[in-house]
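Here's the structure we're looking at; comments come further down.
The values are calculated or read from the model by the stated rules, or taken from the named source; none is laboratory data. Just so it is clear, the model here is predicted, and its values are computed rather than measured. Cβ: placed from backbone, ideal geometry, glycine included. Neighbour counts: every protein chain shown.
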Amino acid sequence: MPPTPTQHTAIVTGAAGGIGLATARRLLRDGASVLLADLDQKRLDAAAAQLTTDTNADPKRIATIVCDVSREDQVAAAADAAIDRFGHWNLVVNNAGLMIFKPIEEQTVEDWQRILGVDLLGAFLFIKQAFLKMKGGGAVVNVSSVHAVETEPLVAPYAAAKTALLSLTRSAALEGKPKGIRVNAVLPGAVDTPMLWDNPNVRSGAELINKAEIGTPDDIAGAIAFLAGDDARFIYGAGLRVDGGRLVRL
């Protein structure tokens, strides 16, 4: 049976802000130890200090590592760092994400490779490490998006990556189950983060956002904590939509 949150030693990617930071905060409050993974050490240090203040957690339960999730060597190093620091590793939250806004005719192969490298291959690489190194079982939660279901102009690589991430979630759930590793995904809708407000479609008014359907990073963190925990022990390969009902209306 997968571990409860109080037993978790987690890696959270994209942890220096937004959903990643909120998820780390929630897991720490639930008793987990957390390795924060992101690209910039200064932002990681600030996040770790903020989490220590917010949660009153023992600083020994918080660690940081600079990690480009598209680099297999760095992902493997992050997995090893979690095990070295906490003694074992049994949860990864694949939250790191990248988005660009360009018409398809202006997109390049490099654009697609960069986005797929972070949004899809990064999750694959951490799942691979989980299957190799979570010896006592565990859980993987992938952060997909409602763009995997319904999307908008200018974000084709992002939408494609998030759709593929759901397929990867299902495949990994099948292969992870015999190992005692549950793999699931959340699909956030509009969330109050810079990624939402930097969206040129939102800034221009081309995409209308109902204020009642804007969630907080904590809303997504709660869903992630649920899928990571023992209450979700019978859930495998699911995609949990957390969008304030945004996709319910036709």
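When region 100-133 is examined, which residues are found to be of a type in the set (Asp, Glu) and either within 19 Å of Asp68 (Cα to Cα) or in contact (Cβ under 8 Å) with a residue 60 or more places away in the chain (or both)?
Within region 100-133, Glu110, Asp111, Asp119 meet the criteria.
Out of (1) within 19 Å of the chain's Cα centre (by Cα); (2) surrounded by fewer than 24 Cβ atoms within 10 Å (Cβ to Cβ); (3) farther than 20 Å from Leu21 by Cβ; (4) modelled with pLDDT of 95 or more, the odd one out for Pro178 is which?
It fails just one condition, (1).
Check whether at least one residue in region 16-31 is closer than 21 Å to Gly229 by Cα, over 16 Å from the mean Cα position of the chain (by Cα), buried (at least 18 other Cβ atoms within 10 Å of the Cβ) and hydroxyl-bearing (Ser, Thr, Tyr), and report yes or no.
no
Do you know which residues across region 181-192 are under 14 Å from the mean Cα position of the chain (by Cα) and either of a type outside the set (Gly, Ala, Ser) or surrounded by fewer than 16 Cβ atoms within 10 Å (Cβ to Cβ) (or both)?
Result: Val183, Asn184, Val186, Leu187, Pro188, Val191.
How about region 92-127: which of its residues are in contact with a helix residue (DSSP H, G or I) (Cβ under 7 Å, 6 or more places away or on another chain), closer than 14 Å to Thr13 by Cα and aliphatic (A, V, I, L, M)?
Val92, Val93, Ala96, Leu98, Leu120, Ala123, Leu125, Ile127
Output the residue which, of all residues in region 41-93 that are of a type in the set (Ser, Thr, Tyr) and without any contact (Cβ under 8 Å) to a residue 24 or more places away in the chain, is surrounded by the fewest Cβ atoms within 10 Å (Cβ to Cβ).
The residue in question is Thr53.
Identify all residues within region 5-45 that are closer than 19 Å to Pro188 by Cα and assigned to a strand (DSSP E or B); write none if there are none.
Val12, Thr13
For the subset of region 139-155 comprising residues that are hydrophobic (A, V, I, L, M, F, W, C) and touching a Pro at 6+ places or on another chain (Cβ under 9 Å), which member is surrounded by the most Cβ atoms within 10 Å (Cβ to Cβ)?
Ala139
What is the one condition in (1) touching a His at 6+ places or on another chain (Cβ under 9 Å); (2) part of a helix (DSSP H, G or I) that Ala139 does not satisfy?
Exception for Ala139: condition (2).
Out of the residues in region 226-248 that are modelled with pLDDT under 95 and on the phi > 0 side of the Ramachandran plot, which is surrounded by the fewest Cβ atoms within 10 Å (Cβ to Cβ)?
So, considering only residues that are modelled with pLDDT under 95 and on the phi > 0 side of the Ramachandran plot, the one surrounded by the fewest Cβ atoms within 10 Å (Cβ to Cβ) is Gly245.
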